[in-house]
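A quick write-up on the structure given underneath.
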Amino acid sequence: MMKHLIAAIALVAAFPVPAQDVPPAPLPFVLKQVGPGVYAAIDGPEHKAGSNAGFVIGDDGVLVVDAFFTQDAAKALVAEIRRLTPKPIRYVINTHYHADHTGGDQVLRDAGAIIIAHRNVRGWVRTNNINLFGDRITPELKARIEALPLPGLVTDKDLTVWLGSRKVVVRTVLGHTGGDLTISVPDAKVLFTGDMLWRRIAPNLIDGSVKEWTATDLDFTHLSASAQTRFVPGHGDVADVKDVAEFRGYLLDLKRLVGEGRKAGLKNDALVQNVAPKLRALHSDWTISDRAIAAEVRYMDQELAGTKKRPVPVAD
Ligand SMILES: [Zn+2]
């Protein structure tokens, strides 16, 4: 017994555990390299980041795509960028105004980035985000939304951003909110889609138009290099063109099933009860919560009835 104890003490003395070997807190996202100097930050299984983000390292700086929901996740993203490159963080581009993509903007701005967004984001980010949370809003969350930084550079047209010799193409697209951008890195065949694509997760249609959305996703599948392109969705893992087609199929299934239910005279809860099992059966490996499916059916019903409310652009 004593011999074992002495041996154990000797072992500890010979190999003291330095403080820096204490494992760091796990990242709230999984960082995945999707091309040379191009990274996707995929929300972890506990959804602590709230959405996906990513970044592109160019010759003379870094461009970040989206900022997560929490400032802690955005700080962890900045730390990961700092681990990989000393180049300045020049831009953060918000794919749209939703707080799960803009919540960490202030962290990126403090790190030196200019916030780029669709021009409609300035009018919506501090106001319409409150609707996004519905009955889940808290006074703290409301205060945080009302303090979100406004983008410093806005556009309603396509943009090219040059990081030295590296080209990043920003496109305006239709479907998710009315103020949506995609970001592509042509030399790496990577497209950051924002919430125009969700991989095997039921999407949030609160501000969307399924008609426009499915048209945009069809365009993604027709890109010249679509078969080689890595798509970084707003939610879910890194995707390929088959995932884009599957997501579009999900939206079309939702539209068809809600349309059939409406024709049969079903409304509200009865419509949800009718559509949900059929949609789940068609997409059995998807994550589709009861809350998500009830909202999707309601919004799809409104779109087909022509009563869907979408965010209205605000004058500058
Ligand atoms: Zn969104």
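Sub-6 Å Cβ pairs linking a first residue in region 167-183 that is more than 14 Å from Val154 (Cα to Cα) and open to solvent by 20 Å² or more (accessible area, probe 1.4 Å) to a second residue that is within 16 Å of the ligand (Cβ to nearest atom) and among the β-branched types (Val, Ile, Thr), at least 6 apart or interchain, are Val173/Thr182; Val173/Thr216; Leu174/Thr216, ordered by first then second residue. Could you say whether any residue in region 220-228 is under 18 Å from Ile183 (Cβ atoms), open to solvent by 80 Å² or more (accessible area, probe 1.4 Å) and among the hydroxyl-bearing types (Ser, Thr, Tyr)? Yes, there is a match, as at least one residue in region 220-228 is under 18 Å from Ile183 (Cβ atoms), open to solvent by 80 Å² or more (accessible area, probe 1.4 Å) and among the hydroxyl-bearing types (Ser, Thr, Tyr). Residues that are over 20 Å from the mean Cα position of the chain (by Cα) and open to solvent by 30 Å² or more (accessible area, probe 1.4 Å) were ranked within region 287-298; the one that is farthest from Arg200 (Cα to Cα) is Arg298.
Inside region 184-210, residues that are touching a Gly at 6+ places or on another chain (Cβ under 9 Å) and open to solvent by 10 Å² or more (accessible area, probe 1.4 Å) make up a count of 10.
Can you find a residue in region 107-118 that is at positive phi, more than 13 Å from the ligand (Cβ to nearest atom), of a type in the set (Gly, Ala, Ser) and touching a strand residue (DSSP E or B) at 6+ places or on another chain (Cβ under 8 Å)? Within region 107-118, one or more residues are at positive phi, more than 13 Å from the ligand (Cβ to nearest atom), of a type in the set (Gly, Ala, Ser) and touching a strand residue (DSSP E or B) at 6+ places or on another chain (Cβ under 8 Å).
Quick check on this structure: which one of Lys242, Lys267, Lys263 is exposed (fewer than 15 other Cβ atoms within 10 Å of the Cβ) and either within 16 Å of the ligand (Cβ to nearest atom) or closer than 30 Å to Lys32 by Cα (or both)?
Unique residue meeting the criteria: Lys242.
The values are calculated or read from the model by the stated rules, or taken from the named source; none is laboratory data. This one's a predicted model, so the numbers in the text were calculated from it and none came from an experiment. For neighbour counting, all protein chains shown are included, and Cβ atoms are generated from backbone atoms with ideal geometry for every residue, glycine included. Side chains are part of the model used for accessible areas, which takes the heavy atoms of the whole protein and leaves out ligands, DNA and RNA. Shrake-Rupley method; radii C 1.70, N 1.55, O 1.52, S 1.80 Å.
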